[in-house]
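Novice: Below is one structure. I have some questions about it.
The values are calculated or read from the model by the stated rules, or taken from the named source; none is laboratory data. Since the model is a prediction, treat every value here as computed from it, not as a measurement. Here Cβ is always computed from backbone atoms with ideal geometry, including for glycine, and neighbour counts include all displayed protein chains.
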Amino acid sequence: MTYLFDVNALIALGFLQHEFCNRLAAWIDAQRSLTIATCPITETGFIRVLSSSHRYGITVDRARSLLLSLKAGGRLRFRFIADDQDIAHLPSWVRSPKQVTDGHLIQLAAAHSVMLATFDEGIPGAFLIP
C-alpha cells in the first residue's frame, strides 16, 4: 500500500525527537508492504517546519539533506507524486485556512490512488496512523 505522508508524519519519520516518532515506527514495523509517498507540499513543509522551529534547531540545508537521506536510505520505499491538482479540486468540507493544505493533500492522494496518512483526526477520508 502507498501512503502520502502529511508534513507531520514525514517529520515524525525523520526526526527522532518528534512526539509521534515511536508511534509511527511501530506502525511502519507492522506493515508487510509499504511505500511512502511525498509531494512538493510535504517535502517543502518538512524543510520549512524543521528549519523554522527553535525546537528542532536545524538549518534549511540540514533539513534538505535529512529528507534526501531518508528517501535514498533503502530501508523504506519512497514515491514522489507530482502535484497536478488545482484549487478546483479542493473539497467542499474545507472551511478554514487551517484545512486548505489538508484538503489539497486528500484530493492529491485520491487522484493518485494512494491514502493520505496523518496523525490528524480531523481530515475526512485520511488514514489515521494508529
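Novice: Of everything in region 78-123 that's among the hydroxyl-bearing types (Ser, Thr, Tyr) and closer than 18 Å to residue 11 by Cβ, which residue is nearest to the chain's Cα centre (by Cα)?
Specialist: Restricting to residues being among the hydroxyl-bearing types (Ser, Thr, Tyr) and closer than 18 Å to residue 11 by Cβ, the top hit is 118.
Novice: Here's a follow-up. Quick one: which of 111, 88, 72 is touching a residue at least 24 places away in the same chain (Cβ under 8 Å) and not charged (D, E, K, R)?
Specialist: Details: 88 fails: touching a residue at least 24 places away in the same chain (Cβ under 8 Å); 72 fails: touching a residue at least 24 places away in the same chain (Cβ under 8 Å).
From the options 111, 88, 72, the qualifying one is 111.
Novice: What are the residues in region 66-86 that are loosely packed, with under 10 Cβ neighbours inside 10 Å and of a type in the set (Phe, Trp, Tyr), if any?
Specialist: none
Novice: Residue 63 fails exactly one of the following numbered conditions: (1) farther than 27 Å from residue 32 by Cα; (2) in a strand (DSSP E or B). What is the number of that condition?
Specialist: Checking residue 63 against (1) farther than 27 Å from residue 32 by Cα; (2) in a strand (DSSP E or B), the one that fails is (2).
Novice: Just the residues that are touching a Phe, Trp or Tyr at 6+ places or on another chain (Cβ under 8 Å) and not in a loop (DSSP other than H, G, I, E, B), please, taken from region 110-122.
Specialist: Within region 110-122, the first condition is being touching a Phe, Trp or Tyr at 6+ places or on another chain (Cβ under 8 Å), and the residues that meet it are 114-119.
Within region 110-122, 115, 116, 117, 118 meet the criteria.
Novice: Scan region 50-91 for residues that are modelled with pLDDT of 90 or more and among the aromatic types (Phe, Trp, Tyr) and jot them down.
Specialist: 78, 80, listed by residue number.
Novice: Looking at 68, 50, 105, which one is closer than 19 Å to residue 127 by Cβ and not in a loop (DSSP other than H, G, I, E, B)?
Specialist: Going through 68, 50, 105 in turn, just one is closer than 19 Å to residue 127 by Cβ and not in a loop (DSSP other than H, G, I, E, B): 105.
Novice: For residue 43, which of the numbered conditions (1) modelled with pLDDT of 95 or more; (2) touching a Phe, Trp or Tyr at 6+ places or on another chain (Cβ under 9 Å); (3) assigned to a helix (DSSP H, G or I); (4) farther than 12 Å from residue 5 by Cα fails to hold?
Specialist: (4)
Novice: For residue 5, state whether it is among the aromatic types (Phe, Trp, Tyr), modelled with pLDDT of 95 or more and more than 15 Å from residue 119 (Cα to Cα).
Specialist: The answer is no for residue 5.
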